Amino acid sequence: MAKAPSTVNGWDGSGNVWFKIGQTGATFSGGAMNWPSSGLTSVSIKIPSSLRAGEYLLRVEHIALHSASSVGGSQHYISCAQLKVTGGGSGNPSPLLAFPGAYSPQDPGILINIYYPVPTSYTPPGGNVWQG
């Protein structure tokens with residue numbers, strides 16, 4: 001998410017203004033890497049109650065890793081929405097990131113061979129989730 005300086009109309013979200021409120025990583029069982037979001041048609045997320053009131057951009061991203069064993073092979077599917085938070089708190093989200101620039105093509109969550117050897121861990125890119 002990114003808080004607009006005033007209104008989201010005409011604001012492009014430039015700079016270190018983006019923070020993460022959720023993520024879904026991989027799970028590992030029986031020597032296999034699995035994705036809890038696989039096959040879902042929708043995902044719900046709770047906006048932290050301590051988030052300050054105001055207008056925000058919400059960025060949702062799915063990273064396809066089936067070709068991510070070489071630099072430039074990951075595929076990023078992004079969608080954004082405009083939100084108005086009311087009755088918010090006094091929290092200060094962090095870390096703040098910029099798009100583009102938050103990811104490197106060599107980040108372990110972007111450059112990864114998911115086939116062999118099967119990974120035993122996965123680190124989603126983009127910093128830590130702000131808990132509020």
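The values are calculated or read from the model by the stated rules, or taken from the named source; none is laboratory data. Note that the coordinates shown come from a computational prediction; the quantities given were computed from them, not determined experimentally. Heads up, the Cβs are rebuilt from the backbone with ideal geometry, glycines too, and the neighbour counts pull from every protein chain shown. These area figures cover heavy atoms from the full protein model, side chains too; ligands, DNA and RNA do not enter into them. Shrake-Rupley method; radii C 1.70, N 1.55, O 1.52, S 1.80 Å.
Evaluation of His76 against the conditions (1) within 29 Å of Val118 (Cα to Cα); (2) open to solvent by less than 90 Å² (accessible area, probe 1.4 Å); (3) part of a loop (DSSP other than H, G, I, E, B) shows that the sole unmet condition is (3).
Taking the range 91-122 as the range and being hydroxyl-bearing (Ser, Thr, Tyr) and over 15 Å from Ala2 (Cα atoms) as the test, the residues that pass are Tyr103, Ser104, Tyr115, Tyr116, Thr120, Ser121, Tyr122. Looking at this structure, is Gln75 touching a strand residue (DSSP E or B) at 6+ places or on another chain (Cβ under 9 Å), at pLDDT 95 or above and within 19 Å of Val8 (Cα to Cα)? It is false that Gln75 is touching a strand residue (DSSP E or B) at 6+ places or on another chain (Cβ under 9 Å), at pLDDT 95 or above and within 19 Å of Val8 (Cα to Cα). A single member of Val60, Val71, Val43 is of a type in the set (A, V, I, L, M), open to solvent by 70 Å² or more (accessible area, probe 1.4 Å) and part of a strand (DSSP E or B), and it is Val60. Looking at the range 79-95 only, could you name the residues that are open to solvent by less than 60 Å² (accessible area, probe 1.4 Å) and touching a Lys or Arg at 6+ places or on another chain (Cβ under 6 Å)? Within the range 79-95, just Gly88 meets the criteria.
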